[in-house]
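A short worksheet on the structure shown next.
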Amino acid sequence: MSKVSFKNFGYVSSISKNYTISSSRYPHQKKYEKRILMNIIHNLKINKKDEVLDIGCNVGTHLIPLYFKTKKIYGIDHKECISVLKKRLPGISSKQLINGNFLDKKIKKKFNKILCYSVLQYLKNEQELTFFVMKILKILKKDGIVLLGDVPNVDLENNFFKSKKGKNWIKKFNFERKKSKNKNNIESISYFLKNKTKDEFLVKINNKIIKKLINKIKKNKKKVKRIKHSLNAAFGPTRENIIVYN
């Protein structure tokens, strides 16, 4: 994650009482969290023998429920995110929570399942994105699985919003968003970042970038599957999961 976004997520986690907003979703999207979790469990084939790493674990939206479904789960994120997570899950060992940006940390341990959900879009450019993903693969055990989840794809977004289904979807989305804002006053992470420096440049992920990334992964003798999100997903079919099998 870029240094600016990394710092901002940490800041919001330290002051927001709404964990959905801390995860950079709108309050009305909380209803999708159980569905997202089930999707993660399915794609990673989670079981009680797994040692999992959650990269960009934030305040534990996914890590906390996975804690009870795995042998051991580790999380890495900003120290403020980790602090909140620890308070929410006091039973977890501090050794399983890593303060810092995955881009900068040296991770010696290997894992058979690795989750990186809704993170890639906060990297600076294609080069940093590629480096980030290849670094993940270096700590994946043999026969392990990586889920690069909730990857926004500009091409999917543009095509969807041009369609009749897309226009109806965004109309409903904006209605629910406005309704939630009127009820809660705070509608997104941006509320907390009004006076904060924001990233001027972040990678715009499209089909071309994803295909190049997948080709590089395959050269490392890994299998890859792309799964487009459904119409009933939090952001509709504008995002996708990339699953890597070692």
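The values are calculated or read from the model by the stated rules, or taken from the named source; none is laboratory data. Values in this document were obtained by computation on a predicted structure and should not be read as measured data. Positions of Cβ are backbone-derived with ideal geometry, glycine not excepted, and every protein chain shown enters the neighbour counts.
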Within region 180-211, considering residues that are in contact with a helix residue (DSSP H, G or I) (Cβ under 7 Å, 6 or more places away or on another chain) and part of a helix (DSSP H, G or I), the one nearest to Y19 (Cα to Cα): I189
Set I186, I209, I243, I214: member being surrounded by 15 or more Cβ atoms within 10 Å (Cβ to Cβ), modelled with pLDDT under 90 and not charged (D, E, K, R): I186
Residue within region 97-106 that is more than 25 Å from I15 (Cβ to Cβ), surrounded by 19 or more Cβ atoms within 10 Å (Cβ to Cβ) and touching a helix residue (DSSP H, G or I) at 6+ places or on another chain (Cβ under 6 Å) present: no
Among (1) under 23 Å from N101 (Cα atoms); (2) part of a loop (DSSP other than H, G, I, E, B); (3) over 17 Å from the mean Cα position of the chain (by Cα); (4) among the charged types (D, E, K, R) - the single one K221 does not satisfy: (1)
Flag if I92 is part of a strand (DSSP E or B), modelled with pLDDT of 95 or more and over 18 Å from L231 (Cβ atoms): no
Subset of region 107-139 [surrounded by fewer than 16 Cβ atoms within 10 Å (Cβ to Cβ) and of a type in the set (K, R)]: K108, K109, K110, K135, K138
Search result, residues across region 144-169 that are among the aliphatic types (A, V, I, L, M) and either exposed (fewer than 14 other Cβ atoms within 10 Å of the Cβ) or without any contact (Cβ under 8 Å) to a residue 60 or more places away in the chain (or both): V154
Filter pass, I214 being in a helix (DSSP H, G or I), of a type outside the set (D, E), touching a strand residue (DSSP E or B) at 6+ places or on another chain (Cβ under 6 Å) and closer than 26 Å to V52 by Cβ: yes
